[in-house]
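Take a look at the structure below.
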Amino acid sequence: MANQVAARLKGDDYQHLFSWGRALELLRPGREVAHVRVEDPLAWSVDDVTVTRTPGSRLADDFFQVKYHVDQRSAYSTDAMVEKNGRTSLLQKFWNTYTSLAAQRADRAVLHLVSNWSWDPRDPFGECISGEDGSITDDFLTESDRSAVGRVREKWTQRLGVSRDDLVPFVRALRFRLGHGSAQELRQQLADAMEFQGIAHDEGALIVATGIVRQWITAGIGPIDRASMDRVLAEHRLVLPSGQPPSALVVMNTITSPFLDIAPDYLLDWCSLFEGSPGRRGHQLGNPDGWNAVLLPHLREVEAQIKTRTAARLIRLRGAARLAPWIALGHAFPEVGGYVLEIDQRGARWRTDATPATSFQLAETPLSGLSLPTGPSEVIAVGLSVTDRIEGDVAAFLATRPLAGHLRVFAPARGPSASALGSAGDATAFARQAQRVIRDAVRDAGANRALLFYCGPASGACFLGHWLNAVAREVVVMEHLQPGYAPTFVLT
């Protein structure tokens with residue numbers, strides 16, 4: 001009995017912390033949340049926490065059912081979904097909730113199963129759970145009836161007593177957020193989210209947050225809106241006195257879409273636009289014109305929304321993308337615009353307002369023995385070799401494609417290496433010096449257009465874009481295609 005009580009308490013704490021994470025979205029205008037409710041009596045069986053968006057929001061309302069397990073002795077499976085627990089199976093509960101909501105609302109809603117258990121790898125349905133967002137892929141609906149997936153689909157229709165056509169919109173509404181992480185990981189994710197908002201985020205603050213949610217449930221408190229959340233934070237003295245500046249979380253993906261427990265304020269999910277499979281794509285668009293016709297306007301739209309709708313000038317950047325998009329993202333939030341950028345560099349948070357490291361110096365790389373470019377004199381190619389030397393590759397590329405009439409290459413004075421940028425101070429020094437050497441190279445050549453070749457970490461690319469202003473009339477960011485290069489963004 002004591003073990004059962006302890007497990008129940010741990011499960012409650014996990015659910016309360018998850019619910020607190022959803023309530024924190026009220027503080028972020030980009031999430032467009034009108035109110036949050038815990039154990040919502042109007043949400044039928046998917047009622048642990050509900051998130052209702054503001055009218056006209058581009059985002060759907062979310063309904064969450066949270067299942068916490070004290071160990072990993074088992075996993076979810078088709079049998080577990082259709083098995084009757086008491087009188088109603090878990091699948092039936094989600095179906096009942098879906099049909100009840102669909103009968104009362106014209107807009108869409110998304111139903112989430114959240115759990116620290118994963119899906120049983122022996123169950124064929126696992127192939128149909130998207131690793132990007134937990135949605136159910138089209139394979140579940142299109143596989144033949146005789147296939148292993150088709151037999152699972154048939155079991156669903158039989159247990160629910162519905163047709164295959166009826167199943168389609170229901171499946172589209174489901175999200176399986178499984179393998180959600182341990183309680184410790186959830187606490188760390190929430191601590192990060194609270195820190196982002198200038199809220200106390202130590203262990204004591206998380207205990208207070210758990211108690212707040214428990215009190216909401218015990219008292220049967222209705223929807224929590226932004227004003228209610230502000231009062232709660234003030235009453236419990238959770239707002240830090242330091243006055244941390246407001247921030248916005250922007251996530252950009254071109255390679256894959258990693259799961260984030262902290263929902264972004266603004267999401268640039270461009271993976272489907274790039275050629276290649278997940279994990280390998282991101283170098284080239286399916287439509288090469290899309291760099292400047294689609295992606296660049298999208299970046300500018302996000303910057304305009306942040307500038308006009310929020311007071312945020314600290315922009316926290318995350319994502320899985322190649323170098324050219326990182327340069328463009330940094331350029332969209334320039335230093336001259338008053339922005340400070342924060343990027344994750346292998347678990348460390350580097351900010352563009354870090355004091356430049358005096359020990360970092362860029363030096364010009366001799367080009368003796370290389371073919372000199374023969375292209376237009378008004379175009380100069382500039383290479384930045386941070387982690388590896390690229391002068392040979394760039395010279396060889398320009399020999400076959402004479403796009404520029406001049407070439408200058410710069411590298412850390414200590415030589416390119418994987419550790420060349422060892423701190424935010426190094427990255428700031430690099431970006432500021434790169435701006436100067438590119439500007440001087442353009443001026444010395446009498447050019448008005450620069451082709452930018454960069455080899456280095458994503459953090460350096462972002463910092464470079466942030467400081468890349470007033471260097472040329474046009475800067476064309478070149479992306480390495482392994483082998484060769486191709487033009488991407490044209491920055492002005």
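Below is a table of values for the structure above.
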item	result
Filter result (within 30 Å of ALA354 (Cα to Cα) and touching a Gly at 6+ places or on another chain (Cβ under 6 Å)) within the stretch 392-417	VAL409
Check on THR142, surrounded by 14 or more Cβ atoms within 10 Å (Cβ to Cβ) and among the hydroxyl-bearing types (Ser, Thr, Tyr)	no
Matching residues, the stretch 387-413, being more than 20 Å from ASP444 (Cβ to Cβ) and either aromatic (Phe, Trp, Tyr) or within 34 Å of the chain's Cα centre (by Cα) (or both)	THR387, ASP388, ARG389, ILE390, ASP393, PHE397, PRO412
Hits in the stretch 87-120 (condition: surrounded by 17 or more Cβ atoms within 10 Å (Cβ to Cβ) and not in a helix (DSSP H, G or I))	SER89, ALA109, VAL110, LEU111, HIS112, LEU113, VAL114, SER115, ASN116, TRP117, TRP119
Where a residue in the stretch 265-285 is in contact (Cβ under 8 Å) with a residue 40 or more places away in the chain and its partner, wherever it lies, is crowded, with 18+ Cβ neighbours inside 10 Å and among the small types (Gly, Ala, Ser), with Cβ under 6 Å and at least six apart	ASP265/GLY30; ASP265/ALA248; TYR266/GLY30; CYS271/SER257
Restricting the stretch 61-78 to residues that are touching a residue at least 40 places away in the same chain (Cβ under 8 Å) and loosely packed, with under 14 Cβ neighbours inside 10 Å, the residue that is nearest to TRP156 (Cα to Cα)	SER74
Residue among ILE315, ILE343, ILE327 that is of a type in the set (Val, Ile, Thr) and touching a Cys at 6+ places or on another chain (Cβ under 6 Å)	ILE343
First in the stretch 418-442 and within 10 Å of ALA354 (Cβ to Cβ), second anywhere and polar (S, T, N, Q), Cβ under 7 Å, 6 or more apart	GLY425/THR355; ALA427/SER459; THR428/THR352
Unmet criterion (only one of (1) small (Gly, Ala, Ser); (2) surrounded by fewer than 16 Cβ atoms within 10 Å (Cβ to Cβ); (3) outside the structural domain of THR50 (by TED's automatic domain parsing)) for SER147	(3)
Output for the stretch 434-492, where each listed residue is over 21 Å from VAL294 (Cβ atoms) and among the hydroxyl-bearing types (Ser, Thr, Tyr)	TYR454, SER459
Count - residues of the stretch 272-302 that are closer than 25 Å to ARG316 by Cβ and among the small types (Gly, Ala, Ser)	3
Residue within the stretch 288-295 that is modelled with pLDDT of 95 or more, in a helix (DSSP H, G or I), more than 18 Å from the chain's Cα centre (by Cα) and under 16 Å from LEU267 (Cα atoms) present	yes
Those helices (runs of 4 or more DSSP H) lying entirely in the stretch 136-253 with at least 1 residues under 28 Å from the mean Cα position of the chain (by Cα) and at pLDDT 95 or above	139-142, 164-172, 203-218, 226-235
Residue tally, condition among the charged types (D, E, K, R) and part of a strand (DSSP E or B), over the stretch 329-355	4
Members of the stretch 319-328 that are in a loop (DSSP other than H, G, I, E, B) and surrounded by 24 or more Cβ atoms within 10 Å (Cβ to Cβ)	ALA321
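Condition check ((1) at pLDDT 95 or above; (2) assigned by TED's automatic domain parsing to the domain that holds ALA434; (3) farther than 16 Å from VAL394 by Cα) across all residues:
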site: GLY337; (1), (2), (3): no, no, yes
site: VAL340; (1), (2), (3): yes, no, yes
site: ARG346; (1), (2), (3): no, no, yes
site: PRO356; (1), (2), (3): yes, no, yes
site: SER368; (1), (2), (3): no, yes, no
site: SER371; (1), (2), (3): no, yes, no
site: GLY375; (1), (2), (3): yes, yes, no
site: VAL379; (1), (2), (3): yes, yes, no
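Each row is one residue, and each column tells you yes or no for (1) more than 14 Å from GLU378 (Cα to Cα); (2) hydrophobic (A, V, I, L, M, F, W, C); (3) outside the structural domain of VAL475 (by TED's automatic domain parsing); (4) crowded, with 24+ Cβ neighbours inside 10 Å.
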| position | (1), (2), (3), (4) |
| --- | --- |
| PHE410 | yes, yes, no, no |
| ALA413 | yes, yes, no, no |
| PRO416 | yes, no, no, no |
| ARG432 | yes, no, no, no |
| ARG436 | yes, no, no, no |
| ALA445 | no, yes, no, no |
| TYR454 | yes, no, no, yes |
| SER459 | yes, no, no, yes |
| CYS462 | yes, yes, no, yes |
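The values are calculated or read from the model by the stated rules, or taken from the named source; none is laboratory data. In this text, all values refer to a predicted model and were calculated from it rather than measured experimentally. Note that each Cβ is placed from the backbone with ideal geometry, even for glycine, and that neighbours are counted across all protein chains shown.
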